[in-house]
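The values are calculated or read from the model by the stated rules, or taken from the named source; none is laboratory data. Since the model is a prediction, treat every value here as computed from it, not as a measurement. Here Cβ is always computed from backbone atoms with ideal geometry, including for glycine, and neighbour counts include all displayed protein chains. Heavy atoms of the whole protein, side chains included, go into the accessibility calculation; ligands, DNA and RNA do not. Shrake-Rupley method; radii C 1.70, N 1.55, O 1.52, S 1.80 Å.
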Amino acid sequence: MKRRNFLKKAALTSLTTLVGTEIVFGNLIPEGYSPLFLQDPDPFKMFDKDTRMSVLNDKPWNIEAKAHLLDEKVTSNKFMFIRNNGIIPQDIDINNWTITFKGESVSQEKTYTLNELKEKFTQHTYQLTLECGGNGRSEFDPPAKGNQWTVGAVACASWTGVRLRDVLEDVGIKGNAVYIGYHAADTHLSGDPNKEPISRGVPMAKALQDETLLAFKMNGEDIPLAHGYPLRLVAGGWPASASGKWVNGISVRNKVHDGNKMTGTAYRVPCDPVEPGAKVKDEDMCIIESMPVKSLITYPRTGAVLSNKKTLEIRGHAWAGELEVAKMEYSIDFGSTWNACSLEKPINRLAWQHFSAKVTLPKEGYYEIWARATDTNGKSQPMVLPGWNPKGYLNNACHRIAVKVG
Ligand SMILES: Nc1nc2c(c(=O)[nH]1)N[C@H]1C(S)=C(S)[C@@H](COP(=O)(O)O)O[C@H]1N2
Ligand SMILES: [Mo]
């Protein structure tokens, strides 16, 4: 029989971190043995998510909420969607975490430790809406490849960090800077250490906004690992792909950042509408910037049955990328007529807004309640699917729920 080789101490330490408790007799685990908890990981336990969330993919992990799970004003971790392009980094040493500013348009390369960022710059807290550009993809026809998000790849958490602008000012930026791009510690699915799973960015104007943060807290606590611990970029109102998780580098570029998923059909849509299924030339594709106006009814849940109750309080959230939502309406007659909802102001720019309405349902039977938001430019959500695009981005069609009275 082969001699038993036991796990190296370092390997045992990282296993213990993963399992979250002492592995009794862990020193006796043979080398090369794969513990059961690693073979069948429970994503809800691993990421501290509500078990009603939907897992769309496990390699990499992609998990979304359902509309009624997003009822809270500020989304808590257990209902927050996870969108990963690569493998979540392991064994993060928060005391040795650094972020390096480089690229053609920095005055000189500069590195900060996480502790330096926290001590040197003023900290700010904002509630910021992050929605995956592909939220709603499952509705497109012809279908688009990728995670088949329904409505639940959106969240509005409270983020605390330092302004990217303050750090950029400290680094020193050349006059020719046009874009920033992020670099992060996750690894490409291929395992190739030279490939970045994703490296996106935003134009300088977005990078320099008050609300664009290098964040180290979410809802007042360390950011959960799956959401970018220990440091992430948060650029609210834009496709959440611009909000790099696990950031350890920022490139200040003298041209549009050309990192992975900045080109081709990734997070780009036809600049002008095309026919469904059309082939679009590369030069006719435009990078998604501000997300479109959208809303979600979070109470009641679709399928609710109201016994003999003909008035119903509905509520939810609405958001409009860089803009505010100016008007919120609902319809109970398949969009023939619309009634006003009451709509709160956002707590800060780029936070979603809460709406509610007392709905009277005239008699027993089946109804659909539709919700429609309008932004400050007068643009409303479409009732049917908006412009088809190769990757199925930007579906902001009206959200609908079914209810039965009696
Ligand atoms: N480093 C890194 N950052 C990333 C991603 C990623 O895969 N790696 N995914 C992006 C995408 S596409 C989205 S929609 C958001 C999702 O953020 P969340 O998982 O915290 O909800 O993170 C963005 N930032
Ligand atoms: Mo995304």
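Summary of computed values
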{"item": "Region 237-254 residues that are in the same structural domain as Phe101 (by TED's automatic domain parsing), paired with ones that are more than 6 Å from ligand 1 (Cβ to nearest atom) and acidic (Asp, Glu) (beta carbon under 7 Å, 6 or more apart)", "result": "Gly237/Glu322; Trp238/Glu289; Ala240/Glu131; Arg253/Glu104; Asn254/Glu104"}
{"item": "Gln127 vs. criteria in the same structural domain as Arg268 (by TED's automatic domain parsing), buried (at least 17 other Cβ atoms within 10 Å of the Cβ), more than 14 Å from ligand 1 (Cβ to nearest atom) and within 23 Å of the chain's Cα centre (by Cα)", "result": "yes"}
{"item": "Index of the failed condition, Pro143 passing every other in (1) surrounded by fewer than 24 Cβ atoms within 10 Å (Cβ to Cβ); (2) more than 26 Å from Ile92 (Cα to Cα); (3) under 19 Å from the mean Cα position of the chain (by Cα); (4) more than 11 Å from ligand 1 (Cβ to nearest atom)", "result": "(3)"}
{"item": "Test: residue in region 143-155 that is of a type outside the set (S, T, N, Q) and under 28 Å from Lys118 (Cβ atoms)", "result": "yes"}
{"item": "Residue match in region 309-328 (condition: away from ligand 2 (no atom under 15 Å from the Cβ), more than 22 Å from Asp210 (Cβ to Cβ) and assigned to a loop (DSSP other than H, G, I, E, B))", "result": "yes"}
{"item": "Given (1) in the same structural domain as Asn260 (by TED's automatic domain parsing); (2) hydrophobic (A, V, I, L, M, F, W, C); (3) over 20 Å from Cys132 (Cβ atoms), index of the condition Phe37 fails", "result": "(1)"}
{"item": "Complete set of residues in region 35-63 that are acidic (Asp, Glu) and without any contact (Cβ under 8 Å) to a residue 24 or more places away in the chain", "result": "Asp40, Asp42, Asp58"}
{"item": "Failed item, numbered, when Lys245 is tested on (1) assigned to a loop (DSSP other than H, G, I, E, B); (2) open to solvent by less than 10 Å² (accessible area, probe 1.4 Å); (3) touching a Lys or Arg at 6+ places or on another chain (Cβ under 8 Å); (4) not polar (S, T, N, Q)", "result": "(2)"}
{"item": "Meets criteria (outside any strand (DSSP E or B), surrounded by 15 or more Cβ atoms within 10 Å (Cβ to Cβ), at negative phi and assigned by TED's automatic domain parsing to the domain that holds Lys245) for Trp149", "result": "yes"}
{"item": "In region 197-240, residue surrounded by the most Cβ atoms within 10 Å (Cβ to Cβ) [restricted to those that are within 15 Å of ligand 2 (Cβ to nearest atom) and over 17 Å from Leu130 (Cβ atoms)]", "result": "Ser199"}
{"item": "Checklist (1) more than 16 Å from ligand 1 (Cβ to nearest atom); (2) touching a residue at least 40 places away in the same chain (Cβ under 8 Å); (3) of a type in the set (A, V, I, L, M) applied to Ala205, failing item", "result": "(2)"}
{"item": "Every pair of residues 6+ apart whose Cβ atoms lie under 8 Å, when the first sits in region 86-115 and is free of Cβ contacts under 8 Å to residues at least 12 places away in the same chain while the second is of a type outside the set (S, T, N, Q)", "result": "Glu109/Phe101; Glu109/Lys102"}
